[in-house]
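The values are calculated or read from the model by the stated rules, or taken from the named source; none is laboratory data. In this text, all values refer to a predicted model and were calculated from it rather than measured experimentally. Virtual Cβ from ideal backbone geometry, glycine too; neighbours counted across all protein chains shown.
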Amino acid sequence: MKQLCLLLVLLLAGHVGFGQVKAHFPGFAYDVGNIFSRRIYVKLDGDGRITNALPPQFRKIDHISIQFSPNARLAPEADYTASLNKRLAVFYNLFVDDASSQKTKLIRSYFHLLLNAKRLIDQCPSASKESEIYKAAKLLEKNIQDNTSMFSPWILSLISCSEYTLALSDFKSSEIERRDASSITQSLKDVQKKREADSISLLGLIDRIKNLDKPTPQFTKQLLDSVDRLKTDWQSQLNIMRELQEKLDAYNIATGINPECNSELCRCSAVEAALQEVSSFEQSLRDVSFKQKLVRNLYCCDSSLSKYYVPAYLSSTAYEAPDGLRQFSGRFMPMLSTTSFTAAPTSKKNRIRSIYDADKESLDLQITINNDNLTKIIDWHNQTIGLLNRDELSKIKEAITAEPDAMDKDLQPLLFKSAQPECKDLPALKKWLDKLHAYDCYFTPTSSIGTWLKRWIWYSGGDIKLNYFDVTSPTFVDEIAKKEAQDLTKEKQYKEYMRLINWNLWFLRKNDSLFSRFDFYNKERENATDKFGLNDPGKKKKAELLKDYKQFTTVTQYIHRIQLPLSEPDSRNFILFHDRNHFYRRTITQKAILPESFKESFGIVNGEKDDKIAIDQKFSFFNDSGTFRSQLIATTGALQNAATGLVPAGLTSLLSNFFGTTPSAFQPNPKTFDQVNIQTVSWTGESGSRPPVLITDLDRLRNSANEVAALLSQAHKAEVQKTVDKRCPAGNAACEALLSELRYEYWQFLLLRKMLNDYFKLPTPEKIDLPTEYQPKDEDFLYNTYVLPAEDSTVPYTNTYRITDESSKKTPSRKYFVGKERIVTLSTGIFINRHSARQVYVDTAGQAFKITNKDDAAKFVLGFQIHPTRTFSADDGLLPRFLLKRLSLFGGFEVLNPLDNLYAGLAYDVVPGVSINYGAHYYKYDIYKVANGQIIDQSSKYKTSGSYFGVSMDPTMVLSLFKLLFK
Amino acid sequence: MKSKLIFLLSLTTLMAACRKDTFDDLSGTETINGIAVLVKTFDAKIDTVPLRNRNIYLKKSLTDSSFIYSVLTDDNGKFQFTNVSSAAYTLVAVDTLTSIPYYGSMSASSAGTSIFRLYPDERAMNGLILTVYDSLSSPVNNATIYRFVNKIFFDSSFAGGVIDSVKTDNDGRVRYFNLPATNQYFIGKMAFNNRLLIGRKTFAISATGVKKDSLVLRLQ
């Protein structure tokens, strides 16, 4: 008794504690359906969507945890800001602090492209081998192989000698990595070969097992062991193959080699793309070099001003932020907005607001982000906009526009073509250089305009510009819209209009009538007028500009709002969450069988503001008697079949019913391996001897690539050192210097021209007003997680529902089941009292007494189970989801003599319909007063024999068994 | 309210537990086994015979005026009482064999099988066991004993007054049971070799009790 009590207490304690443990593992919490979660844990992906499964029931929330994923971007606007910050960081590194290392990486990538282009050209006979790119690449390849110091002037025109040296040594290491790929390929082939051999053995073994005639159990076991082991080996080989293949793919992607491109046609086609890519990268590389030079010039005399130049500092612009996990109490702090969160990926303040609504019994969790960088930039903008001298800028623009076209014609090849001009043409180029020097003043800090530019210039979106935001303020919107309207002339309108109508008419030509065509013309005219803004051409443009302005100047982003109903013990909300991000996939993967006391609702996770959700619900009957009960009855049928002679089939069916699947040990399924079409049997051992393990050196194979790489890396260090020691070549220094200067001056001129054109095309906002604090609405948030109530029906029922969103995408239909909860159930079974309970029966019919003693411990008992927490038969697992619902009070009596034996105690449903019982046994005891051979007095009383235990079942199940036995 | 209810329930349970049973006669788990026999002590040779198909009565004590219940013996005299307690009981049985009432009582318990003996019950009968001797105190067998109840007839040896006449057994004894509780007159005669031995004696017979006495025959 004591042990039982202890077990019961442990079970109850475990039950309570279980839910708390589960709460830490939100993906698993719904297994314990009657346990409320007092914690809400939310994990957000980079866009602000919830990625974890929320528990279906919440009580008073007392703990909130929000985790941001690393590299979170959180929103398109944030993405823009993140990119900006990243570029700002690169900008800062390139030009101010650590230019060399950043630039070396860029050059290394360039070398990769160059070398790949050369390799492709080598494999394409028709490609030109006279191009500068090919020559440069060939020289680069030679330098790598020979470790010489002959440098290409082509490359040196882009970068300096020292930069080249550093980048070349770095590049060599990657080349060694590239060579490792061949060893990986070999390993891959080895494993594939082993795998084939294993497949043959495995198939042979399975085939052998299938054809065995009455094997001994021991032999069968040995065979199955062999199969298991081979299967394990086979699977491990597959994993290794995947791993090696992934590594090889990664190399191929990194080096730009497509292993499937083996034909000459394919490779020649790739040459063009590779050359284009190299050219594009050359432009980028040169651009970066010039930007570097520009910034150095700007800072040459006043380094203290650098802080004005780069509004975001390195420490705060790190793109990759660590995981951020914020935890705080949720219930008793109605407003948590004062808590700021410093581990944000893109800004320094994430604002998390939790509103606990006591009246509505709901939780309102709002996650917003304050973009601190943008705030700083806007603040800086507002402070410095007053210094802008538009007239001065206008004059500069006019001067630049007046420059002759010949300048571009002569100088553009310097920047945009690979061919090097001859040094004999230098005098002509020098004239242009002198002219371009006139614009240096705008970038010279000592001049007034240079100082102004230094404070005003921005690096945004990869460009140096005067308008950081690429937008204009509402002040200028009307003016721009008017200009837009002027540009859209009547002629243009007419062309657009006719084009649209003709396009649409094409669809009507077959079955058209004059009337319908006329009608169509009228309709389309109206449509076209609206579509192209013909009535008010500036209206559309104005709207676009205002939208951009709002988008780019939004400091606070409303990321996610989570509104959940909370449960009370007497009102349990059960939420079936569906993730909109995964096609409304339900987060509860298990069969959702719920008791009728739950209030079901549909939770939509990661809903977006324009969603229109419709949920179709259809109700049908649900057999909530539990799987075991119905299977037992079904099994009796299987047993009857077994009794008719089909013993193996019946037994298999029986086992299948009990265990869910046919025991596979007796019938291995060869379909698992049908991918391998080899039928040869390679193993002939009859006595069960195990074939040799086919893969014993997998680990060695796995590690071989790493070992080789480590050895090569050591060798590489020496090579690098040698290369670095080489001296840079001497060339025509005067010519190279002039070309270099000219390139930069021309680039600077182009930059100035572009900045001014862009500025006047879209005037810079005068002042940007930061929005004031306000209570956000649902539609302000990027994502909303909310709950829709489900309809009710007559219990028990199955609700087959389907979620449809506005795009008419129908999700697969899903179900949940609602079963009855019962307070009283019937139960019958065998009960055994542990101590003697002798009952005396006296028959006085004859001459003498006939005394009968009855003291059977086991009795057939019928009784009632009273479930204080209402039993839930549909919870039919051996491991209960609702433990308390399995416990009940039992009161019963012996079936044959109902008043003679009574039972009262506790019952626990092992599965619904089958209980184990424990309690106190009472029996009726007759007392006789006898005198002179006659019973002169008689009375009865109930005595307890002590405890009993028993096993009871639902009477319907017992009847089913009886039917089977007595048929 | 709740505490009152608990108190009431506790009180009820306590009272129920304190209640003592007043009787419980068939509640025992023991069994008394035995074989009942009649011991014929009045015969020349003491003999036993099974008490067949007679009731054995179970009593709590010998002094009880009533018995509890009884069982019948079988043809071998076996009997069994079930559902008795381990306490000592008293078994009682009576029988009448050849007009001699037999009676037996014994303490019995459940240990083993007991022999339950019934003896002639002198409290329920009277009798006279008369041993006939000669003058040399030797038993006289085959002598004829005449019984008279009338003294006149006895004195006159009137043959018509003889109630019965019996012969002595080999041990010289005659047995009379259930005689009227008055004076009984006996004349013994034995003739051999033309000689006659005669003896006369008067006995006062009480209502109960078996009297043992002698009668001497003397030569006439």
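So how many residues does the range A:453-482 have that are in a helix (DSSP H, G or I) and at pLDDT below 65?
Of the residues in the range A:453-482, 3 are in a helix (DSSP H, G or I) and at pLDDT below 65.
Inspect all residues belonging to the range A:483-495 and state whether any of them is surrounded by 19 or more Cβ atoms within 10 Å (Cβ to Cβ) and at pLDDT 75 or above.
Looking through the range A:483-495, none of the residues is surrounded by 19 or more Cβ atoms within 10 Å (Cβ to Cβ) and at pLDDT 75 or above.
Here is a check on your reading of the model: is residue B:96 more than 14 Å from chain A (Cβ to nearest Cβ) and either among the small types (Gly, Ala, Ser) or in contact (Cβ under 8 Å) with a residue 40 or more places away in the chain (or both)?
Answer is no for this residue.
Could you look through the range B:52-65, keep only residues that are outside any strand (DSSP E or B) and touching a Gly at 6+ places or on another chain (Cβ under 9 Å), and pick out the one that is farthest from the other protein chains (Cβ to nearest Cβ)?
Going through the qualifying residues, I end up with B:52.
Take residue B:119 and tell me if it is surrounded by fewer than 18 Cβ atoms within 10 Å (Cβ to Cβ) and either in a strand (DSSP E or B) or at pLDDT below 90 (or both).
So residue B:119 passes the test.
Check every one of the strands (runs of 3 or more DSSP E) wholly within the range A:788-862 and list those with 3 or more residues that are within 14 Å of another protein chain (Cβ to nearest Cβ).
Output list reads A:839-843, A:850-854.
Out of the range B:66-77, which residues are surrounded by 13 or more Cβ atoms within 10 Å (Cβ to Cβ) and away from chain A (no Cβ under 14 Å)?
The one that is surrounded by 13 or more Cβ atoms within 10 Å (Cβ to Cβ) and away from chain A (no Cβ under 14 Å): B:77.
Residue A:959 fails exactly one of the following numbered conditions: (1) modelled with pLDDT of 90 or more; (2) surrounded by fewer than 15 Cβ atoms within 10 Å (Cβ to Cβ). What is the number of that condition?
(1)
Name the single residue, out of those in the range B:78-89 being within 20 Å of residue A:936 (Cα to Cα) and not in a loop (DSSP other than H, G, I, E, B), that is farthest from the other protein chains (Cβ to nearest Cβ).
Looking at the filtered set, the residue picked out is B:89.
Yes or no, residue by residue, for (1) at pLDDT below 90; (2) away from chain A (no Cβ under 13 Å); (3) in a strand (DSSP E or B); (4) under 28 Å from residue B:108 (Cα atoms):
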| position | (1), (2), (3), (4) |
| --- | --- |
| B:8 | yes, yes, no, no |
| B:12 | yes, yes, no, no |
| B:17 | yes, no, no, no |
| B:26 | yes, no, no, yes |
| B:34 | no, yes, yes, yes |
| B:49 | no, yes, yes, yes |
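If you check B:111, B:44, which single one turns out to be more than 12 Å from the chain's Cα centre (by Cα), more than 14 Å from chain A (Cβ to nearest Cβ) and either over 30 Å from residue B:170 (Cα atoms) or surrounded by 17 or more Cβ atoms within 10 Å (Cβ to Cβ) (or both)?
Residue meeting the stated conditions: B:111.
For the range A:552-614, which strands (runs of 3 or more DSSP E) that fit wholly inside it have 1 or more residues that are of a type in the set (Phe, Trp, Tyr)?
A:556-565, A:572-579, A:598-608
What are the residues in the range B:78-110 that are of a type in the set (A, V, I, L, M) and out of contact with any Ser or Thr (no Cβ under 9 Å at 6 or more places or on another chain), if any?
Passing the criteria: B:94, B:97, B:100.
Considering every residue within the range A:890-900, establish whether at least one is within 30 Å of residue A:933 (Cα to Cα) and within 14 Å of chain B (Cβ to nearest Cβ).
No - not one qualifying residue is present in the range A:890-900.
State all residues of the range A:612-643 that are in contact with a helix residue (DSSP H, G or I) (Cβ under 9 Å, 6 or more places away or on another chain), modelled with pLDDT of 70 or more and of a type in the set (Val, Ile, Thr); if no residue qualifies, say none.
Across the range A:612-643, the qualifying residue is only A:613.
Here are the criteria: (1) free of Cβ contacts under 8 Å to residues at least 40 places away in the same chain; (2) within 30 Å of residue B:175 (Cβ to Cβ). Tell me which single one residue B:39 does not satisfy.
Among (1) free of Cβ contacts under 8 Å to residues at least 40 places away in the same chain; (2) within 30 Å of residue B:175 (Cβ to Cβ), the lone unmet condition for residue B:39 is (1).
So which strands (runs of 3 or more DSSP E) stay within the range B:169-218 end to end and still have 2 or more residues that are surrounded by 12 or more Cβ atoms within 10 Å (Cβ to Cβ) and more than 23 Å from the chain's Cα centre (by Cα)?
Hits in the range B:169-218: B:183-192, B:195-204, B:209-216.
Being at pLDDT below 90, within 14 Å of chain B (Cβ to nearest Cβ) and surrounded by 15 or more Cβ atoms within 10 Å (Cβ to Cβ), is that true of even one residue in the range A:932-948?
Yes, the range A:932-948 contains at least one residue that is at pLDDT below 90, within 14 Å of chain B (Cβ to nearest Cβ) and surrounded by 15 or more Cβ atoms within 10 Å (Cβ to Cβ).
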